[in-house]
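The values are calculated or read from the model by the stated rules, or taken from the named source; none is laboratory data. Just so it is clear, the structure is predicted and the values come from calculations on it, not from any experiment. FYI the Cβ positions are ideal-geometry reconstructions off the backbone, even for glycines, and counts take in every protein chain you see. SASA here: full protein model, heavy atoms, side chains in, ligands and nucleic acids out. Shrake-Rupley method; radii C 1.70, N 1.55, O 1.52, S 1.80 Å.
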Amino acid sequence: MVTLRPVPVALVPRNSEAATAISAPNYDEFQSDREVWDLLQARPDNVLRVTMAHCHVDSLDNAPEEGGEESLRHSAEQMEFLKNHVGIQQQENVIWVYEITSPLRPNAPQLGVGGFAATNEIRTEKTPNGTIIRNEGIRPEKAQGRANLIEATNAYIGTVNLAVQDQSQKLLGELESIAKSRPCDYETVDEGKNRHRVWLVTESAAQQTLIDLLAAEPAAYVADGNHRSAAAAQLGLPHFLTVFFPTSRLGLEPYNRLLPLNGVSPADFLAKAGEQFEIEKLGKVAAYRPEGVHIIGLYLDGEWYKLTPKAGSYNPENAAESIDSDIVQRHIIHSILGMSDARDKRINYVGGNKTASYLVERVDSGDFDLAISLAPVTMDQFVDVCEQSLFMPPKSTWFDPKVRSGLVIALLGNE
């Protein structure tokens, strides 16, 4: 059983114009503070002034420490700004239907239902029968940073993406029915040309139907937002802000790597890689994206190579060790390049909002020595890892499109 509850008091845009002005990508979708700062210059009213308050400055030269006391004070001040914004209104006791249409999948929009999920349903060592299953370990300092922001603003701004299998497709059918029944309350198009639409559901019978459909699900999987849910639990809060999406409509994009050679010559690198991978030289081809799992792209010395893991390089019975990013971490990043910790700052993780051409540009510019291009994890792989109570390898899943911040903000202290 999975619990869905209405948000007692929410801040929502009054219309689509306000949704465009106020909403923004999540804090973790940016490669640098400069990208955040640039977006704030273009659209100064958006929620990044709260979630990334250290970038809400005249110049990054004067930026306070991210997550520090000064930044948190500024987050609290900017939260008051949003509460009083002419484009925002309060909405009580709300559940919402959320649709994201990607230009990559225009005929299969991502549909979900938003509200509060229960923190006591998160599966941990203390609650091994919890029905909300995480896909990665929790870094205490990162969860603490999210908790500090929640306390400073007394609000949930970031939304957790929870996936449910919806094998009967009854949930998807109900969501489609609501979306087709009337125009949305507001919509916006994001930086990647994804269209986000929201239908606020306030009628009690319609809410109960959605609540009952979620209650029939045996489990939900944290697709994105592990630390946001962990922060709520850490604070002792009974809930966290989420959208439940049927897995049939969730999209996955690759999570790639830019790396230094750390003194290893290109020739030695290829020789060592050949111990665990079959290597096919593709040469000076266009930016390469592997066509399926267990095919790995390598860009080195201006040329692309296609790597296929050899038998014995991973355990096919272990869902986590079968993920390509884990294979790359063990046999390339650790064994050849000497970086055993996936959190090593020399490893640059590139999310699915950047193309393989971006990888080529960064290597050709001299910023990095090589790039690893991966195929997206499949939804079956993702569910298998969760069902085996394992964790996904770090930086292996990039769900796309992502839930946009600021389309629904939950105010706390109103339960």
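With respect to Lys281, determine if the residue is in contact with a Pro (Cβ under 8 Å, 6 or more places away or on another chain), assigned to a strand (DSSP E or B), at pLDDT 95 or above and surrounded by fewer than 20 Cβ atoms within 10 Å (Cβ to Cβ). No, not satisfied.
Just to check your reading of the model, which residue among Glu65, Glu125 is farther than 22 Å from Leu241 by Cα and touching a Ser or Thr at 6+ places or on another chain (Cβ under 7 Å)? None of the others qualify; the one that does is Glu65.
Suppose we filter Arg228, Arg257 for residues that are over 26 Å from Ala356 (Cα atoms) and either over 15 Å from the mean Cα position of the chain (by Cα) or of a type in the set (D, E, K, R) (or both); which single one remains? The unique qualifying residue is Arg228. Taking (1) closer than 25 Å to Asn15 by Cα; (2) out of contact with any strand residue (DSSP E or B) (no Cβ under 9 Å at 6 or more places or on another chain) in turn, Pro64 satisfies each apart from (1). Among all positions in segment 180-195, there is at least one residue which is more than 17 Å from the chain's Cα centre (by Cα) and open to solvent by less than 20 Å² (accessible area, probe 1.4 Å). Restricting attention to segment 186-221, the residues being more than 19 Å from Leu4 (Cβ to Cβ) and not small (Gly, Ala, Ser) number 11. Of everything listed in (1) assigned to a loop (DSSP other than H, G, I, E, B); (2) within 23 Å of the chain's Cα centre (by Cα); (3) modelled with pLDDT of 95 or more; (4) surrounded by 16 or more Cβ atoms within 10 Å (Cβ to Cβ), the single unmet condition for Arg346 is (4).
Selection within segment 67-87: residues that are assigned to a loop (DSSP other than H, G, I, E, B) and over 16 Å from Ala24 (Cβ atoms). The member of this set that is least open to solvent (accessible area, probe 1.4 Å) is Gly68.
The listed residues are Ser405, Ser373, Ser357, and the only one of them that is crowded, with 16+ Cβ neighbours inside 10 Å, of a type in the set (Gly, Ala, Ser) and under 23 Å from Tyr288 (Cβ atoms) turns out to be Ser373. Only one of the numbered conditions (1) surrounded by fewer than 24 Cβ atoms within 10 Å (Cβ to Cβ); (2) in contact with a helix residue (DSSP H, G or I) (Cβ under 9 Å, 6 or more places away or on another chain) is not met by Ser396, and that is (1).
Criterion applied to Gln144, Gln110, Gln41 was being touching a residue at least 40 places away in the same chain (Cβ under 8 Å) and open to solvent by 40 Å² or more (accessible area, probe 1.4 Å), and the one residue passing it is Gln144.
Thr308 meets the conditions (1) hydroxyl-bearing (Ser, Thr, Tyr); (2) without any contact (Cβ under 8 Å) to a residue 60 or more places away in the chain; (3) assigned to a strand (DSSP E or B); (4) surrounded by 17 or more Cβ atoms within 10 Å (Cβ to Cβ) in every case but one. The failed one is (4).
Restricting the first member to segment 56-79 and to residues that are within 20 Å of Gln144 (Cβ to Cβ), and the second to residues that are in a loop (DSSP other than H, G, I, E, B) and open to solvent by less than 40 Å² (accessible area, probe 1.4 Å), the beta-carbon pairs closer than 6 Å and six or more apart or on different chains are Glu70/Pro64; Ser71/Pro64.
So which of Leu241, Leu162, Leu149, Leu210 ends up being buried (at least 21 other Cβ atoms within 10 Å of the Cβ), of a type in the set (A, V, I, L, M) and either part of a loop (DSSP other than H, G, I, E, B) or out of contact with any strand residue (DSSP E or B) (no Cβ under 7 Å at 6 or more places or on another chain) (or both)? Only one candidate qualifies: Leu149. Number of residues in segment 18-40 that are assigned to a helix (DSSP H, G or I), of a type in the set (Gly, Ala, Ser) and within 13 Å of Ile157 (Cβ to Cβ) equals 0.
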